[in-house]
1. Enter the accessible area per residue of the range 65-129 (Å², integer; probe 1.4 Å; all protein chains in place).
2. Order of 22-32, 116-126 by packing, highest average Cβ count within 10 Å first?
3. R0 = 41 Å: FRET efficiency of ARG77 with GLN24, Cβ-based, nearest 0.05?
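The values are calculated or read from the model by the stated rules, or taken from the named source; none is laboratory data. Everything quoted here is computed from the prediction, not taken from an experiment. Counting neighbours? That spans all protein chains shown, and the Cβs are built from the backbone with ideal geometry, glycine included. Quick note on the areas: whole protein, heavy atoms, side chains included, nothing else; ligands and nucleic acids left out. Shrake-Rupley method; radii C 1.70, N 1.55, O 1.52, S 1.80 Å.
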Amino acid sequence: MSIWPKQSVAALEAGYDSLPGSEQDKLRLKAVILRFRIEAVVLSITIGVFTDNTWPNHVRHKLLVSVGAPGLSPDQRTDRLRIVRRGASTYESLCRLLHGDVSGLHPPLGDLAVWTRAVDELEAEFARP
């Protein structure tokens, strides 16, 4: 069972939409939502030694190991590697932001758009049969 159920992410997104303020004002909440969405993808990966779905540890490693999933063609592996690298980089950026390792109060909204696209691609990649 996932510790980040989809309804929790949906509730956060509904809360985000209902909060007053600009996107810039709510950027950190959006970062939390994107991070939870990535962790939900990671929890779905049960390849090789990563069969424990109780906690989204080792996000980057689990994503990279998924490139070697059985049944993927060489072209699919190449596509997945591109998507996984972008997803892992996004996760690291989100963590730096949420842990206060980023200088400045708010990163540019352009970063948020790039991160959102990366998470959307990651979810779509792992939703495929």
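1. Working: 3710 Å² over 65 residues.
Computed with neighbouring chains in place, this is 57 Å² per residue.
2. 116-126, 22-32
3. That pair, ARG77 with GLN24, gives E of 0.60.
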